[in-house]
Amino acid sequence: MALSSGGIPKNVSDSFNPYSLDNKTILITGASSGIGQATAIECSKIGAKVIITARNEEKLQKTFSQLMGDGHKKIIADLTIPEDINRLVDKISHLDGLVNNAGINKLLLPQFINEKDLNMTFQINTMAPILLTQKLLKKKKLQKGSSIVFTSSVSGVYGVSPANSMYSASKGAINGFMMNIALDLMGKGIRCNSVNPGQVETNIMDHGMVTEDQLEEHKKKYPLGRFGKPEEVAYAIVYLLSDASSFVNGTSLVVDGGISIKNV
Ligand SMILES: NC(=O)c1ccc[n+]([C@@H]2O[C@H](COP(=O)([O-])OP(=O)(O)OC[C@H]3O[C@@H](n4cnc5c(N)ncnc54)[C@H](OP(=O)(O)O)[C@@H]3O)[C@@H](O)[C@H]2O)c1
């Protein structure tokens, strides 16, 4: 195929797809369900070799069995345990992409916030992505041209919602981290961005914190009259991992069906 000086084909042909993840190895955390699972599946469909991680072996295997192509890996790890992060990093030879996605959400009014829940929220939503990224960088596992994506949220960055201050603080912090390391890693040719979803249909709220009726009421506020689907966030993550986003760095892609502009 004829290439221009920039490596881009002169004629658009079937074989040129800037969104392709062919020959890229991508680590996805929180891949046993929801957004992480959808991201792993979509990345594999578009050519990536994926390394998926989470704590629940059975659920992670379910994701693994839905991956397209071969050469994928699954590694069980609790990202709140430093030894597990070290073991995960040691099992990886090289990466072209990292999706820091694992997270939890516990709704608590401010007067009921306590050290245990605060620690747990920050450990998985904030500390784990920072430490995992740090260790992968220190051990030079992220190759030049890599893309790091953080699954943040509209909460704490673009909006607020009742009893969500603890979670919002953990996500606001990760957005701050993302923007700063995008600057620090420019020289290494590594890009960093976040996706910031609104409410997505996953298990994250399945802890009896909100009733079905409350969720239905909340849904009505969404301009499209529905919450997002995990794949709809996965497609945004695929874009940020791919060369199609090669000039996108240090920014946040809001995937919320328009709820944050509706609230302005
Ligand atoms: N759903 C939404 O409405 C929404 C909106 C905005 C942002 N987000 C963000 O999207 C990300 C994914 O959430 P989701 O909605 O897909 O929720 P989910 O279905 O509950 O998935 C959460 C994932 O995180 C993993 N995880 C949790 N604690 C972990 C730990 N200690 N160590 C390793 N992995 C852990 C879980 O796996 P195991 O239990 O197997 O470990 C699971 O794979 C989170 O960061 C969340 O904050 C979600």
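State, to one decimal in nm², a quarter of the convex hull surface area for the C-alpha atoms of the range 43-133, i.e. the direction-averaged projected area. Mind showing how you got there, number by number?
Values: hull surface 27.9 nm².
Seen from a random direction, the Cα hull of the range 43-133 projects 7.0 nm² on average.
Give me the number: length gained by fully extending Glu83 to Lys62, i.e. 0.36 nm times residue separation minus the C-alpha to C-alpha distance, one decimal in nm.
Numbers: separation 21, 0.36 × 21 = 7.56 nm, distance 2.50 nm.
Taking Glu83 through Lys62 to full extension adds about 5.1 nm, to one decimal.
For the pair Gln214 and Gln111, the difference between a 0.36 nm per residue extended length and the Cα-Cα distance amounts to 35.0 nm. On the principal axes of its alpha carbon atoms, the range 99-160 extends 45, 25, 13 Å, with the longest extent given first. Listing Tyr167, Tyr222 from fewest to most neighbouring C-beta atoms within 10 Å gives Tyr222, Tyr167. Once you've got the Cα coordinates, tell me which of Lys74/Lys220; Lys116/Lys262; Lys49/Lys229; Lys59/Lys229; Lys24/Lys262; Lys74/Lys144 are over 27 Å apart. Beyond 27 Å between Cα atoms: Lys74/Lys220; Lys116/Lys262; Lys24/Lys262.
Between the amide H of Ser146 and those of Arg191, distances stay under 5 Å, these residues lying 5 or more places away or on another chain, with hydrogens modeled in the peptide plane.
Within the listed set Lys24, Lys45, Lys138, the residue fluctuating most in the Gaussian network model of the chain (springs between alpha-carbon atoms under 10 angstrom) is Lys138. The tail of the calculated P(r) for the range 123-264 beyond 18 Å holds 59 percent of all Cα-Cα pairs.
Label-to-label distance, Asp206 versus Ser260, with points set 7 angstrom from Cα along the beta-carbon direction: 2.7 nm.
Taking only the alpha-carbon atoms of the range 33-75, what semi-axes of the equivalent ellipsoid follow from 5 times the gyration tensor eigenvalues under a square root, in whole Å, largest first? Don't skip to the end; give the middle numbers.
On the way: eigenvalues 48, 23, 13 Å².
Semi-axes from the Cα gyration tensor: 15, 11, 8 Å.
Considered as an equivalent ellipsoid built on the Cα gyration tensor, the chain has semi-axes of 30, 22, 18 Å, the largest given first.
Values in this text are rule-based calculations from the coordinates and carry no lab data. Predicted model, so just to flag it, every value in this text is computed and none were measured. We place every Cβ from the backbone using ideal geometry, glycine too, and count neighbours over all the protein chains shown.
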